[in-house]
Amino acid sequence: MKLKLHKKTKKYILSIMILLLLVTGIQIYSIVKSERTITKEKVLFEYSCQPAVDYSVVIHPNELYSGTILEESTYYSKLLLDYIEASFAFDYQGSYSAPLRIQYQVVASVNGYQGQSDSKTIYWSKSFPLTEEKTIETEGDSFSTEEQITFNLSDYDSFAVRAKQISGMKVSNEVVAELTGKIIAQAAGKEVEIPFSSKLRAPLLEDVFKIDKSITEPIKGTVTETEEVAVPIDRAKLSLLAVLMLLLIVAIPVLLFIIKEPDELTLLRKKNNGLLKNYGSRMVAMKEIPSFESCRLYQVYSIKDMIKIADEVQRPIIYIPDESTLVRNNELLIINENSLYRWYSA
C-alpha cells in the first residue's frame, strides 16, 4: 500500500524538514569553522617538604629503671633527667633538578605564658641558639639532612626562675626547641620559597614533665601558568549532524515525488467515514429519499447544527449510502413535516 498524505500535512512536514536542514547546516558550519579555546592551568614545577622530629630522654642510672634511655610519649622525672637527645630532619623533593639555597637553625626558646595550648598568651620569650645558622647551596631534585642535638632542662629552669624575679609575673614556663628554615628553589623562572619547621615542647619548673612534639604534614605546592588551549572538534556531534542532514536530503525528495496526495474521492470517503463513525447513532440510511418539492428548504451550516435540529424536532438524520463516497452526493437531510434541513459534507 502506497503511503499518502494530505496536501496540508505534506506541506507542514516539508516545512519542518527544510527548517531542520537549514539549522543542521548552520550547526555543521559553526562546528567546522569555529576555533574555540579554553584557559588551562599548566603545572611547571611541583615540590614537597617533609619536616620531622624524634627524641629520646637519657636519665641517670638508677634502681627504678633498667636502662638509661626512655622512649617517646611518656612521663619523665626531672630528678632523674640527664639530658634530652633530639633529631630534627627534613626531606625535600622537586619535580626536576633546580638550584637550591637551604637555610636552617635549631633554637631553644624559653617562654612565659598563660592559658592552654589552643589559646596561649606569651608574655615574654628568650631565645638560645642550639646550632649555628646553616646555609647550603646545591642543585638537584631532592635534599635531606638531619641535625642531632642534646640539651638539658636545668639551665632553662634557672633562667625561668630569674625571669620571674625580674618581671614579677606569675606565669607558666616552657622551653621550645625548634628547627626553622626555608628552601629557596630557582625553578620555572621564579624564586620559590618553601618555609618549614618542627619543634619539641617541654614544661619548666615541674618535677614530672612530658614532651610534646609537633605533628607536621608534608608541605606541598606547585608553580603554574595559564595557557589558551584549542578545543578539538566534537566529532561525535559532527557525525550525528551529518547523518541527520543526509537523512533530510533523502527524505525531502521522497516526500515531494514519491509520497502522493490522496485524490478528491478518497478525501470525501475519509471525511464521510468520520461522520458515520462519530454520529452514526443519530443517522438512518435509506434506499430512496421521498419527494420534498413542496417542503421549505433550510440550508444548515454544520453537522453540529444538524444534530441540534435533530434533537429539537425529534427526527433522525437521513442519507443514501454510496459505494464510492459512503454518503451519496455527500448530502445529509432532516425531514420534519413541511420543512427540509440539508447539509453537505463536501
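Before moving on, here are some points about what is shown:
- Here is how the number arises for the chain: DSSP H runs of 4 or more residues each give -39500 (n - 2.57), the sum is divided by the residue count, and the result at 222 nm is -8500 deg cm²/dmol.
- Descending principal axes extents, the stretch 1-148, alpha-carbon based, whole Å: 114, 39, 38
- Shape analysis of the stretch 225-301 based on the Cα gyration tensor places the equivalent ellipsoid semi-axes at 63, 17, 12 Å, largest first.
- In this structure, V243 and Q103 have a Cβ-Cβ separation that, at R0 = 51 Å, corresponds to a calculated FRET efficiency of about 0.15.
- When each of K40/K220; K8/K260; K8/K304 is checked by Cα-Cα distance, pairs over 18 Å: K40/K220; K8/K304
- Counting every other Cβ atom within 10 Å of each residue's Cβ, K199, K308 order from fewest to most as K308, K199.
- Largest first, the three principal axis extents of the alpha carbons in the stretch 1-50 are 81, 25, 16 Å in whole numbers.
- The amide H of S339, built 1.01 Å from its N in the peptide plane, has R296 as neighbours under 5 Å, considering only residues 5 or more places off or on other chains.
- Paramagnetic reach from L297 (point 7 Å along Cα→Cβ, amide N under 19 Å) across the stretch 308-346: 318-320, 328-346
- Residues A230 and D54, FRET efficiency given R0 of 56 Å [Cβ-Cβ distance, rounded to 0.05]: 0.60
- D (Stokes-Einstein, µm²/s), Kirkwood Cα radius, the stretch 190-320, 0.692 mPa s at 37 °C: 123
- Too-long pairs where the Cα-Cα distance tops 27 Å, listed order kept, from K10/K270; K42/K199; K126/K182; K120/K213; K120/K199: K42/K199
- Partners of K287 within straight-line reach, counting aspartates and glutamates whose Cα lies under 17 Å from its Cα and excluding those fewer than 8 residues away in the same chain: D322, E323, E331.
- Shape call, the stretch 53-126: gyration tensor on alpha carbons, a/c limit 1.5: oblate
- Proportion of all alpha-carbon pairs of the stretch 256-346 beyond 21 Å (%): 33
- Using only alpha-carbon positions in the stretch 43-229, the gyration tensor eigenvalues give semi-axes of 38, 20, 14 Å once each is multiplied by 5 and square-rooted (largest first).
- Spin-label pair K277-S158: with each label point 7 Å from Cα along the Cα-Cβ axis, the two points sit 11.5 nm from one another.
- M169, M17 arranged by Cβ crowding within 10 Å, fewest neighbours leading: M169, M17
- Tail weight of P(r) past 40 Å, computed on alpha-carbon pairs of the chain, percent: 60
- Once the Cα-Cα distance is subtracted from the 0.36 nm per residue extended length, the S142 to I18 segment shows a gain of 38.0 nm.
- For S154, neighbours were defined as the other residues whose beta-carbon sits under 11 Å from its Cβ, and their charges (Lys and Arg +1, Asp and Glu -1) total -2.
The numbers here are math on the coordinates, done by the rules we state, and not lab data. Please read all numbers here as calculations on a predicted model, not as lab measurements. Don't worry about glycine lacking a Cβ; one is built from the backbone with ideal geometry, like all the others, and counts go over all protein chains shown.
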